[in-house]
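Any read-out appearing in this document is the output of simple, stated calculations on the displayed coordinates, not a laboratory observation. A quick note: this is a predicted structure, and the numbers were derived from the prediction, not measured. Here the Cβ positions follow ideal geometry from the backbone for every residue, glycine too, while neighbour counts run over all protein chains shown.
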Amino acid sequence: MIYAKLSCPSTYAPLLGHPVWEEALAALRNLDENSPAGVTELRSKKMFVNVHTYETLPVSECRFEGHRDMIDVQYVITGGEYVDWILKSELEFDGEYLASKDFQYYKAPHVPPSTRLHLKAGYFGVFFPEDGHRPKLQDGNATGVYKAVVKINRALFV
């Protein structure tokens, strides 16, 4: 997991210089509150951006999720939310894995995770396939988010 502010490249320096990361971050830099919602393919289905909006929810209504092949770069354009992070190896499956969406829900751990990111306008979190994450959490400031998620297939790094 990586947590950074897009306008401060020193906070994500290890990503710079690789063409896949450069393309993903450039796509985020081009977004603003007037960017249309929807999916834009960058490298076919191997890398795309999904711009969308939703209302944030109380923690009791949010679920952990994870992926096997895709890396999520979650970037907030406007608004804000908390996102909890925990290694997937510390979670139990909650339902079936959806291979067509590379998506799995997980049960909340008995002990709350100790890492909570505050994603607000201009900040992003990178969640790797080993990372469980619980987005959509109310942050007490914004009631919702307008965000982009760049989905990157890990095969692009082989």
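What does the charge count around P109 come to, taking other residues whose C-beta lies under 14 Å from its C-beta (Lys +1, Arg +1, Asp -1, Glu -1)?
Once all neighbours under 14 Å are counted, the net charge is -1.
Among 67-74, 22-29, what's the highest-first ranking by average C-beta atoms within 10 angstrom per residue?
Those peptides, ordered most packed to least, come out 67-74, 22-29.
Taking the Cβ of Y146 as the centre, find all other residues whose Cβ is under 12 Å away and add up their charges (Lys, Arg: +1; Asp, Glu: -1).
-2
Hey, got a sec? Which chymotrypsin sites (Phe, Trp or Tyr not before Pro) in the range 84-158 land in a DSSP loop and have at most 16 other Cβ atoms within 10 Å?
For chymotrypsin sites (Phe, Trp or Tyr not before Pro) across the range 84-158 that sit outside H, G, I, E and B with at most 16 neighbouring Cβ atoms in 10 Å, the list reads Y97.
Which of V39, V158, V20 has the fewest other C-beta atoms within 10 Å, and how do the rest follow up to the most?
So the residues, fewest neighbours to most, are V158, V39, V20.
State, as an integer percentage, the relative contact order of the chain based on alpha-carbon contacts under 8 Å between residues 6 or more apart.
Across the chain, relative contact order equals 36 percent.
Using the crude model of +1 on Lys and Arg Cβ and -1 on Asp and Glu Cβ, and no other charge, please compute the dipole size for the chain relative to its Cα centre, in debye to 20.
The dipole of the chain has a size of about 240 debye.
If you add up the charges near A121, with Lys and Arg at +1 and Asp and Glu at -1, over every other residue whose beta carbon is less than 13 angstrom from its beta carbon, what do you get?
The answer is -1.
To the nearest 500 deg cm²/dmol, what mean residue ellipticity at 222 nm is calculated for the chain from DSSP H runs of n ≥ 4 alone, each contributing -39,500 (n - 2.57), summed and divided by the residues?
Using -39500 (n - 2.57) per qualifying helix, the result is -2000 deg cm²/dmol.
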